[in-house]
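The values are calculated or read from the model by the stated rules, or taken from the named source; none is laboratory data. Source: prediction; values computed, not measured. Note that each Cβ is placed from the backbone with ideal geometry, even for glycine, and that neighbours are counted across all protein chains shown. What goes into the accessible areas is simple: the full protein's heavy atoms, side chains included, and nothing from ligands, DNA or RNA. Shrake-Rupley method; radii C 1.70, N 1.55, O 1.52, S 1.80 Å.
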Amino acid sequence: MNIIRRKELSTFLIPTLLTCTRNYAFKSNLKIKWVRPEKIPCYNPAKSGDLVPMPKLDKTQLQLEFRNSQELANANDLVKKLFSLEYAPRYKTTQLYLRQLIDSTKRHNQDEGSIEAKIARWTGAIRAMQDLVEKFPHNVRLRVKLKELIDKRKKQLKYLRRWDYKKFEWLIDSLNIVYKPQPLDFQSVTRKESLRKLTDKHCEDIRSDRLKTFRKQLEAEQPKFLQEKMCTLEFIRKEQEECNVEVTVAQEEIDKVKDQLTNLHKHTPI
Amino acid sequence: MALSAASKSFLLLGECVPCLKHNASKFKIRRFELDTNLLMYFRKVDFVYALDPEKKCKTGDIVLIEKCPEQLTRLITHKINQIVYPLGDVVDPLTGKRVVGGKFREHTEAVNQVYGKMPTAFEYDSAPDRGWLEDVKDFSHVDTYVKYHESGEDQPHAV
């Protein structure tokens, strides 16, 4: 009796045990390797969207406030050198850079407060600060100031986009900024979620690959099929004509198939 | 199953949202739905796909869409009637003048002329149509995502 029961059990249970799998807390069989992206600080140009850093200006230029001085124009070279950027503090160079950026975008001579002039000024300040942060990464106040300015610029760009799209495009192009809006559903990166997304992508790739190969296979079969179709249609037409029955296959239909076939031969590489 | 309110009406006003489909655009339709228990209206958002083979609708545009007599595909049920307000290029319906924020473009231009317009300043007439910087410097027409994997490839839509 026991033997019989054991036999019955084995016949019923083993196949079910083999097929049934635990669908939780299991690692996937797919060999997907996940690499956690390196964290980029928010003040980094890669995040802020600045494509060009602050350029190295010609240090022999005069400081901004002495540009229009008549006395300096008549002075000797040594005095001129003393009033150049070379002997001035760093902020004088930044001042000049900001002026250049504002001048390239402002509306009129007196314009300082239009949105394009403001964004140009902030952009110059951001690039100058990004330069400094690289040198002094422990300056927390500077980092905070920089982050706040980047956020302010982004917010104003968002408004400008909504109000005046053409000007927004012109401005980001002339200032060399990349504008990427924040994703709607912001989630921190986790291993589980990332693997889920990668698995979905993997499945999608498999599906598209198979569809592509199937398409190729069908396209390879096309000439043979069209040839056969043409022959069959011609045969039917001929038979109908010979038997004096109503002709259901028009000559245009056959010509159409012929055209398709010639087109196919033209486009297929030899 | 009861049909959603958006699918019942013939004409709808929707906002275009980013969509990856080649021949269709996706629209966000905001409606108020009555809660019969509380006798209060609550905001409800529906999404509808409309046929748009030329991709005339850009993200953010306010578009009038109408229902197709027959459902075209499983997703596409509507077609585009009219783009009412293109984003960032709004025309005042009363005067027919272009508007930026709360001001007419003409008025701002007149002020610029009085102060002496800069030759490098922005010109509306010579500016190209919207979309010339798409996927170059402007990525606001797509759904961006937080970068979750370092694949070694360039991921332009990742933040």
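Could you tell me which of rounded, prolate or oblate describes the stretch B:88-139, using a ≥ b ≥ c as the square roots of the eigenvalues of the alpha-carbon gyration tensor, with rounded for a/c under 1.5 and, failing that, prolate when a/b is larger than b/c and oblate otherwise?
Since a/c reaches 1.5 but b/c is at least a/b, the shape of the stretch B:88-139 is classed as oblate.
Pop a pseudo-label 7 angstrom from the Cα along the beta-carbon direction at both residue A:91 and residue A:191 and give the gap in nm to one decimal.
Inter-label distance under the simple model: 4.9 nm.
Output the 0 to 90 degree angle, nearest 10, between the alpha-carbon long axis of helix B:105-115 and the longest principal axis computed from the alpha carbons of chain B.
On a 0 to 90 degree scale, this one is about 20.
By how many degrees, 0 to 90 and rounded to 10, does the Cα axis of helix A:140-163 deviate from the longest principal axis of chain A?
The answer is roughly 60 degrees.
If you take each beta carbon of peptide A:183-194 and count the beta carbons of other chains within 10 angstrom, what is the mean? Present the calculation step by step, with values, prior to reporting the outcome.
Details: counts 7, 5, 3, 3, 3, 2, 4, 1, 1, 0, 1, 4.
Partner Cβ neighbours, averaged per residue: 3.
Enter the mean number of other protein chain beta carbons within 10 Å of the beta carbon of each residue in B:95-101, as an integer.
The mean count of partner-chain Cβ atoms within 10 Å per residue comes to 2.
Have a look at the DSSP beta bridges in chain B and tell me what percent are antiparallel, nearest 5.
Numbers: 30 of 35 bridges.
Just about 85 percent of them are antiparallel.
What order, most packed first, do the peptides A:139-149, A:179-189, A:69-79 have when packing is the mean number of other Cβ atoms within 10 Å of each residue?
Taking the mean over residues of other Cβ atoms within 10 Å, the ranking is A:139-149, A:179-189, A:69-79.
Return the average number of partner chain Cβ atoms within 10 angstrom of each residue Cβ along peptide A:106-118.
Counting Cβ atoms of other protein chains within 10 Å of each residue's Cβ and averaging gives 4.
Taking springs between alpha-carbon atoms closer than 10 angstrom, which of A:116, A:134, A:241 fluctuates most in the Gaussian network model of chain A?
In the Gaussian network model the winner is A:241.
Do you know which residues of the stretch A:136-180 lose at least 40 square angstrom of accessible area in the protein assembly compared with their chain on its own, with a 1.4 angstrom probe?
A:161, A:163, A:164, A:165, A:166, A:169, A:170, A:173, A:180
Restrict the search to the stretch B:1-87; then list the GluC sites (Glu not before Pro) that DSSP places in a loop and that have at most 10 other Cβ atoms within 10 Å of their Cβ.
Within the stretch B:1-87, the qualifying GluC sites (Glu not before Pro) (loop, at most 10 other Cβ atoms within 10 Å) are B:54, B:70.
Wrap a convex hull around the Cα atoms of chain A, take a quarter of its surface area, and give that in square nanometres.
37.9
What residue among B:113, B:82, B:71 shows peak mean-square fluctuation when chain B is described by a Gaussian network model with Cα springs under 10 Å?
Checking each option, the largest mean-square fluctuation is seen for B:113.
Taking the 0 to 90 degree range and rounding to the nearest ten, how far is the long axis of helix A:191-242 tilted relative to the main principal axis of chain A, both from C-alpha atoms?
The angle comes out at about 50 degrees.
May I ask you to derive the relative contact order of chain A, considering only C-alpha pairs under 8 Å and at least 6 residues apart, and to give it as an integer percent? List each step's numbers first, then the result.
On the way: 158 pairs, mean separation 41.8, N = 270.
That works out to 15 percent.
Tell me, what ³J(HN,Hα) does each residue in the stretch A:78-90 have, in order and in whole Hz, if you take phi through Karplus 6.51 cos²θ - 1.76 cosθ + 1.60 with θ = phi - 60° and put x for Gly and Pro?
So the J values, rounded to whole Hz, are 5, 5, 4, 5, 5, 9, 7, 5, 4, 9, 9, x, 4.
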